[in-house]
Amino acid sequence: MKIVCPYAEVHPATSRALRRASAEFHDVSGDDYAYWRLLRDLWAAGEAFIVVEHDIEPSAVQLRELAACPRPLCTFEYLYRGSAAVSALGCTKFGQQLLRRQLQWTFQLGALDFAGHPKWRDAQAYLLSQLPPAHVHEGLVRHHGALP
């Protein structure tokens, strides 16, 4: 299954983990809309994929678990800024059946975002608001984001 890492700057631990998994790295630092376009293009391709964000470090076992899961949308939670576990796009699988079922309306709404087009920080909330709840796998992936 395709593993994609959108980044502006990749954490070294994320890079090591994902290079071992033969992930694709996509620089989304060019503008505020690059992450949205990447998600839109991956969706339009119609092939299942896993997104692992630039500061998330999944284990090889966790990546295999996502890839093998029969559910169409699943994720691992992580600690954000040292607080409670959150599930977001940090480490999320989008299955092929989900892409087929939702494609006709999810990304067509891309032109009607919060203020023109979804910026990177809005893309996650916008996308997740259009989808059914994700299946949350047990355990946490490591988050290397800065603490407050």
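The values are calculated or read from the model by the stated rules, or taken from the named source; none is laboratory data. Every value quoted in this text rests on a predicted model; they were computed, and no experiment measured them. Neighbour counts run over all protein chains shown; Cβ positions are idealised from the backbone, glycine included.
Quick check: is even one residue across segment 16-37 within 22 Å of ALA68 (Cα to Cα) and in contact with a Pro (Cβ under 7 Å, 6 or more places away or on another chain)? Looking for residues that are within 22 Å of ALA68 (Cα to Cα) and in contact with a Pro (Cβ under 7 Å, 6 or more places away or on another chain), one finds at least one in segment 16-37, hence yes. Filtering segment 126-139 to residues that are surrounded by 15 or more Cβ atoms within 10 Å (Cβ to Cβ) and at pLDDT 90 or above leaves ALA134, HIS135, HIS137.
Tally up the residues in segment 72-88 that are among the aliphatic types (A, V, I, L, M) and touching a residue at least 40 places away in the same chain (Cβ under 8 Å), please. Selection size over segment 72-88: 4.
Please verify whether VAL10 is of a type in the set (Val, Ile, Thr) and farther than 21 Å from LEU127 by Cα, treating the condition exactly as stated.
yes
Listed here are the residues, each with its yes/no results for (1) small (Gly, Ala, Ser); (2) under 20 Å from LEU128 (Cα atoms); (3) under 13 Å from the mean Cα position of the chain (by Cα).
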{"residue": "ALA8", "(1), (2), (3)": "yes, no, no"}
{"residue": "HIS11", "(1), (2), (3)": "no, no, no"}
{"residue": "LEU18", "(1), (2), (3)": "no, no, no"}
{"residue": "ASP27", "(1), (2), (3)": "no, no, no"}
{"residue": "GLY30", "(1), (2), (3)": "yes, no, no"}
{"residue": "PHE49", "(1), (2), (3)": "no, yes, yes"}
{"residue": "GLU53", "(1), (2), (3)": "no, yes, yes"}
